[in-house]
Amino acid sequence: RPKQADRILQYMLDFGSITQLDAIRDIGCMRLASRVSELKKQGYNIIGDFVPVKNRYEEVCHIKRYRLREEIEVG
């Protein structure tokens, strides 16, 4: 059975990025930042950016969206 970190990695590969809501809804992971930290320790280059979203009251909030950083090849 895959670990949550493995599923999060696959999710980013399949969909490009992941948020806490994605992790809860699609993977059942309540501690996304911890799983991302585990993946970083394994050598994956993951970055997180804060992105604005609107809540149900139309107020702007910021959430963190994690994605794999694409390495730029020189040559």
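The values are calculated or read from the model by the stated rules, or taken from the named source; none is laboratory data. Here the structure is a predicted model, which means the values were calculated and not measured. Because the Cβ atoms are built from the backbone with ideal geometry, glycine has one as well, and the counts that use them run over all protein chains shown. When the accessible area is computed, the model is the full protein with side chains, heavy atoms only, and any ligands, DNA or RNA have been set aside. Shrake-Rupley method; radii C 1.70, N 1.55, O 1.52, S 1.80 Å.
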Looking at the stretch 7-17, is at least one residue assigned to a loop (DSSP other than H, G, I, E, B), surrounded by 11 or more Cβ atoms within 10 Å (Cβ to Cβ) and of a type in the set (S, T, N, Q)? yes
Taking the stretch 41-75 and keeping residues open to solvent by 100 Å² or more (accessible area, probe 1.4 Å) and either closer than 22 Å to Lys3 by Cβ or not charged (D, E, K, R) (or both) leaves Lys41, Gln42, Phe50, Tyr57, His62, Arg69, Ile72, Val74, Gly75
Restricting to the stretch 18-36, give me the number of residues that are closer than 16 Å to Arg65 by Cβ and surrounded by fewer than 17 Cβ atoms within 10 Å (Cβ to Cβ). 7
For the stretch 38-60 the number of residues that are of a type in the set (Gly, Ala, Ser) and closer than 16 Å to Asp22 by Cβ is 1
